[in-house]
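The values are calculated or read from the model by the stated rules, or taken from the named source; none is laboratory data. It should be emphasised that the depicted structure is a prediction, and the values quoted were computed from it without experimental measurement. Because the Cβ atoms are built from the backbone with ideal geometry, glycine has one as well, and the counts that use them run over all protein chains shown. These accessible areas exclude ligands, DNA and RNA; they are computed on the full protein's heavy atoms, side chains included. Shrake-Rupley method; radii C 1.70, N 1.55, O 1.52, S 1.80 Å.
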Amino acid sequence: MNDEKRDEFLVGAEFCTRAIHSQMDSHVASNSSTGAVVQPIHMATTFRQPGAGEWGEFDYSRSGNPTRNVLEKTLANLEGGVGALAFSSGMAAIHCVTMLLRNGDHVVAGCDLYGGAYRLLHKICDRSGITVTLVDMTDPAAVEAAMTANTKLVWAETIGNPRLSVPDLKCLSEIAHTHHCRFGVDNTFGTPALLRPLDYGADIVMHSATKYLGGHSDCLGGTLAAKEESLFEELYYIQNATGAVLDPMTSFLTARGVKTLDLRVRRQSATTLQLAKWLETRSDVRRVLYPGLESHPQYELAARQFDGGFGGVLTFELDAGLARTAHVCESTRLFQLAVSLGAVESLIEQPATMSHASYDAVDRERFGITDGLIRLAVGLESFEDLRNDLDAAMCQNSLSG
Ligand SMILES: *Cc1c(COP(=O)(O)O)cnc(C)c1O
């Protein structure tokens, strides 16, 4: 089949099909003489030009690289954007968004914002005269009240953490757009397999590709996809001007991860729901936070907004203080004590001392990041093995007090 026909065929194809086959739509591999079914990795930093002052598709690798391009085109396709950009980390991607802002601009962001984004906004962007208000993104009235004449960006996460809050994306996009302000969404926890924020009116969708997109705890990367051409061009300009691009090898590995994204995330979601339900039955657990549980405050919204699962992260609160909670986290055998999420291996961590340690103590208290909280990032091991592992760690530590 020729390439054009393949592209046409792909337009109507399902997510899991496009995740694999949109990676082959570029001339890079399909026109190659080798017939390779996998994209090659282009390590070249510079590209020969047709003539002086004439430019080919690629000229210099910071401005564009064929391997990075494959990942970017695939992401744009999966998120439903006009284009996407791959960065050296998720934070570099968020930083690129904040570079759209100028001195005097104001940002409204979620109060259970990713710790690194909290730090970027409060400790770096403030140097350029950008101010931030954190609000509960699940409360549209609070978001509306936080908007000022200078607000230029509303920044939400499809699932906030560690509280696992789920904002109404359509509602937030309407608030942002009424105030002539851009709406950006960090979809790291949601993944495009389960949720596509651009369909709900977001202007920009961001990923830490380090998590589900890469999926194997071996790639650090970030992505942005934009809904409109002019915004995409602006972001591309900033990326090229500041230089935090993703290297070819990591681009290749991340694109490879994306091929199995759908399968992984659905399985991880199913196992996480089983674990959440099991944890809810335990008397030593004060509460379980997972959008797939009917007890979750945004369960109905989440059920509408997500398609086929609620993600692979859950938080639960032990009836215990900092030390005993830490000890439970240190006692599991399969769940490894580490921050991050989205990979094949399961991880456990204590938000108060690990993922959310960059929050000021006052804000931790204010936003309910309590000492007894534990966050699980569920991998691809079996539910029974993971449950037994947690059970042993929790029982052992209840006996020893
Ligand atoms: C990890 C993460 C980031 C930052 O990404 P890095 O790749 O670590 O720079 C941003 N947002 C969320 C929700 C994350 O989990």
#### Entry: Whole-Hz couplings from phi, Karplus 6.51/-1.76/1.60, listed for region 151-165; x for Gly and Pro
5, 10, 8, 10, 10, 10, 10, 4, 9, x, 8, x, 7, 6, 6
### Message
I'd like the accessible area for Trp278: 1.4 Å probe, protein heavy atoms, all chains in place, Å² to the nearest 10.
### Response
50
### Query
Which value, in Å³ per residue, describes the convex hull spanned by the Cα atoms of region 234-336?
197
### Task
Could you sort 108-114, 171-177, 238-244 so that the peptide with the highest average Cβ count within 10 Å comes first and the rest follow in order?
108-114, 171-177, 238-244
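Based on Cβ point charges of +1 for Lys and Arg and -1 for Asp and Glu, what charge dipole magnitude is obtained for the chain about its Cα centre, in debye rounded to the nearest 20?
On the way: 34 positive and 49 negative charges, 99 e Å.
Roughly 480 debye, rounded to the nearest 20.
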### Query
Considering the dipole of the chain built from charges on the beta carbon (Lys and Arg +1, Asp and Glu -1) around the Cα centre, which of Tyr359, Ala13, Val97 is farthest to its positive end?
Tyr359
### Task
Per residue of region 185-197, in order, report the coupling 6.51 cos²θ - 1.76 cosθ + 1.60 (Karplus, θ = phi - 60°) as ³J(HN,Hα) in whole Hz, putting x for Gly and Pro.
10, 8, 9, 4, 6, x, 6, x, 5, 9, 7, 10, x
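Longest span of the chain, sites excluded, free of trypsin sites (Lys or Arg not before Pro) in DSSP loop with at most 12 other C-beta atoms within 10 Å?
So the longest stretch without any such site is 103-332.
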#### Entry: Farthest positive-ward along region 261-396 dipole, Cα basis, beta-carbon charges - from Ala393, Gln336, Val265
Val265
### Query
Do the alpha carbons of any pairs in Lys73/Lys152; Lys5/Lys170; Lys123/Lys277; Lys73/Lys170; Lys227/Lys259 sit beyond 29 Å of each other, and which pairs?
Lys5/Lys170; Lys123/Lys277
### Task
Amide H neighbours of Leu318 under 5 Å, at least 5 residues apart or on other chains, H built in the peptide plane: list them.
Arg286, Leu373, Ile374
### Query
Which ³J(HN,Hα) values, rounded to whole Hz and listed in residue order, are derived for region 362-379 from phi using the Karplus coefficients 6.51, -1.76 and 1.60 in 6.51 cos²θ - 1.76 cosθ + 1.60 with θ = phi - 60°, glycine and proline given as x?
4, 5, 4, 4, 4, 9, x, 8, 7, 5, x, 6, 10, 10, 10, 10, 8, x
## Note on the structure
Whole-percent carbon and sulfur contribution to the accessible surface of region 3-259 (1.4 Å, no ligands, DNA or RNA) stands at 53
### Query
In debye, nearest 20: dipole of region 253-355 around its Cα centre with unit charges on the Cβ of K, R (+) and D, E (-)?
320
### Message
Along each principal axis of its Cα atoms, how long is the chain end to end? Whole angstroms, biggest number first, please.
### Response
75, 51, 34
#### Entry: Assigned charges on the beta-carbon of Lys, Arg, Asp, Glu; region 1-148 dipole about Cα centre (debye)
560
